[in-house]
Amino acid sequence: MSWTLCANADAVAQAACARILHAAQLAISDRGSFKIVLAGGTTPLLCYRLLSAAASDWGKWHVYFGDERCLPPSDSQRNSMQAAAALLDRVAIPADQVHPIPAELGAAPAARSYTATITGATPFDLVLLGLGEDGHTASLFPGHTHPEAAIVVPVYQAPKPPSERVSLNFSTLSNSRQILFLVAGESKKSAVASWRRGDPLPAAAVRSQATPEVLIDRSAWGERRL
Ligand code: 6PG
């Protein structure tokens, strides 16, 4: 894990935006497309808004989601709706290159459907992830077990509402050239300390050949320096 300390949440968003644009440029020049997995929650929204004002070869972007809440498609609390408002509705990514998780079908059928969507899309170029106060990431929560071979998993009794969700599994999230965690705010301090101690948090289980990077602000880091 590589930790990059940022002054505040804005700096996390700016650093994330720069890394994503750079990753997109490299992927498009090397392979003709950029396959990104977006994170849910509120932390990445500022980064998405910064991206929406930036220049990129949007026609070559392919967008997937790390997880989704089992809510109606137009529910404002859906990760896909929040990403659409902050970014996807503001840039010219072809609609058939944006792949929302059909979580409205229910966790199990949506997981089956998205497994077909994801198969053939990996390795991703960049996976964006957040960190929950309990150390979860995407919708992979402490104390939940999932079959290791599953590509996308249904999630029930999630401690963070809504209780029913769909999530890419650890190995799928790890199957990426680059993994970037965005962590900001005092509320994440204890999960970060646990992560740094080496506790077996779900976030710690996402690792790939490339070292994941954590962009973290001072409030979440809890100390004056790295
Ligand atoms: C979700 C996210 C979840 C999120 C973390 C952090 O559906 O809520 O997938 O994993 O990334 O809970 O959320 P915040 O960024 O809102 O703190």
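The values are calculated or read from the model by the stated rules, or taken from the named source; none is laboratory data. As the structure is a computational prediction, the values presented were derived from the model and not from experiment. Positions of Cβ are generated from backbone atoms using ideal geometry, with glycine treated the same way; all protein chains shown enter the neighbour counts. We work out accessible area using only protein heavy atoms, side chains counted, and drop any ligands, DNA or RNA first. Shrake-Rupley method; radii C 1.70, N 1.55, O 1.52, S 1.80 Å.
Conditions (1) part of a loop (DSSP other than H, G, I, E, B); (2) under 26 Å from residue 213 (Cα atoms); (3) within 15 Å of the ligand (Cβ to nearest atom), marked per residue:
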| residue | (1), (2), (3) |
| --- | --- |
| 64 | no, yes, yes |
| 96 | no, no, no |
| 101 | yes, yes, yes |
| 113 | no, no, no |
| 150 | yes, yes, no |
| 161 | yes, no, yes |
| 167 | no, yes, yes |
| 173 | no, yes, yes |
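It is to be established whether one or more residues within segment 14-22 are farther than 23 Å from residue 174 by Cβ and either touching a strand residue (DSSP E or B) at 6+ places or on another chain (Cβ under 9 Å) or in a strand (DSSP E or B) (or both).
yes
If you check 46, 50, which single one turns out to be in contact with a Cys (Cβ under 6 Å, 6 or more places away or on another chain) and either more than 26 Å from residue 170 (Cα to Cα) or within 12 Å of the ligand (Cβ to nearest atom) (or both)? Give the derivation first.
Numbers: 46 fails: in contact with a Cys (Cβ under 6 Å, 6 or more places away or on another chain).
Just a single option satisfies the conditions, and that option is 50.
Is there a residue being farther than 21 Å from residue 16 by Cβ and open to solvent by 30 Å² or more (accessible area, probe 1.4 Å) anywhere in segment 56-65? Even if it seems obvious, please write down each step before you answer.
Step one: filter segment 56-65 for residues farther than 21 Å from residue 16 by Cβ, giving 59.
With the extra rule that they be open to solvent by 30 Å² or more (accessible area, probe 1.4 Å), the set shrinks to 59.
Yes, the conditions are met somewhere in segment 56-65.
Can you name the condition, by its number, that residue 134 falls short on among (1) under 20 Å from residue 10 (Cα atoms); (2) within 15 Å of the ligand (Cβ to nearest atom); (3) open to solvent by 10 Å² or more (accessible area, probe 1.4 Å)?
Result: residue 134 passes all but (1).
I'd like to know if segment 154-164 contains one or more residues that are touching a residue at least 40 places away in the same chain (Cβ under 8 Å), in contact with a strand residue (DSSP E or B) (Cβ under 7 Å, 6 or more places away or on another chain), under 19 Å from residue 127 (Cα atoms) and β-branched (Val, Ile, Thr).
No, segment 154-164 has no match at all.
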